[in-house]
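Read through the structure below, which is laid out as structure tokens, and then see the notes.
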Amino acid sequence: MAGGLTIKEIDRTEPPQVGWLRRVFLNVRYVLELIRFSHTVFALPFAFLSAGMAIRLSVAEAQGWLPPWRHLLGILLCMVFARSAAMAFNRLADRHFDSLNPRTAGRHLPRGILSVRTVALFTAACGLGFVASTLLFLPENPIPVYASLPVLAYLLGYSYTKRFTVLSHWWLGGALGLAPLGAWVALRAEIAPAAVILGLAVLFWVAGFDIIYACQDIDFDRTYGLKSLPAKLGAEQALRVAAGCHLVMILVLAILPLLYRPFGIVYYIGLGVIAVILWIEHRLVRPDDLTRVNQAFFHANAVVSVGLFLIGLADLLA
């Protein structure tokens, strides 16, 4: 009771617009939780690093040229909209499996916190937002506009790959690997070896940590015929493959300064730190103890992503 009214009675006396605004706020919060918006930190720093590399090269070639501000805004919006659309679509595609898996049964769609219609509309809006954001590169560079629909199809297609191939982890890696490649193409209107190398590094990095994450669902994937690598090989062998992916990532990144001369000693020192962090990540997870998978998945990889961006930026500005 409060002032003679029950809580339900107080709720009914709220002005209609307050209740409506509250529902909107809650839906926005739930949608951001659904797509794990905080995980945007994984790919966004690589896109910004690639953009910084492209700008540094263009400044050197054109004696101080800088891209229009709308091109940089376009990169940011494309990243946010593309990832949001892909993540929301993944939740739609997997909602039936999520409802059967004890680890994911508490997600928003299985619990009915968000409706399928709401998430579908959000997915469509983000897809349209991604395509519309590529218009910011016109008239200087039409390539992002032409590539927008094929890229979006590739990103959304990931959600079904686990149904037919164990290569789904590398498909996801390729999806995030498009971030640095796309940023470079958006600013330079070309595909350069340095951008490809950075994209490959992201591909193997993401594939490695996605394999680690999938180790949590080995029994479920086997029961329902989902073709994850851990379900096929078992946790011990899968974790070895994940470690191999991260080793390839480090080796690929070690090649980058050979193709992009502005990187030097600062970059290599930072790469050494990144290698140590990845080693710690693999020490956190063992085949017989997967309790720290989430710690390895988010915290370690967020440090890798943001750390490499800051290191690369420091070297570019040195």
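Odds and ends about this structure:
- Selection status of ALA54, among the small types (Gly, Ala, Ser), surrounded by 13 or more Cβ atoms within 10 Å (Cβ to Cβ) and within 19 Å of the chain's Cα centre (by Cα): no
- Summed over region 91-115, the residues that are at pLDDT below 95, open to solvent by 20 Å² or more (accessible area, probe 1.4 Å) and of a type in the set (S, T, N, Q) give a count of 1.
- Failed item in (1) touching a residue at least 12 places away in the same chain (Cβ under 8 Å); (2) in a helix (DSSP H, G or I); (3) more than 22 Å from THR161 (Cα to Cα); (4) not charged (D, E, K, R), with LEU114 passing the rest: (2)
- The set of residues in region 61-79 that are touching a residue at least 60 places away in the same chain (Cβ under 8 Å) and either more than 19 Å from PRO139 (Cα to Cα) or in contact with an Asp or Glu (Cβ under 7 Å, 6 or more places away or on another chain) (or both) contains only MET79.
- Residue in region 171-180 that is at pLDDT 95 or above, open to solvent by less than 50 Å² (accessible area, probe 1.4 Å), in a helix (DSSP H, G or I) and closer than 21 Å to GLU61 by Cα present: yes
The values are calculated or read from the model by the stated rules, or taken from the named source; none is laboratory data. Just so it is clear, the model here is predicted, and its values are computed rather than measured. Counting neighbours? That spans all protein chains shown, and the Cβs are built from the backbone with ideal geometry, glycine included. Areas reflect the complete protein model, heavy atoms only, side chains present, ligands, DNA and RNA absent. Shrake-Rupley method; radii C 1.70, N 1.55, O 1.52, S 1.80 Å.
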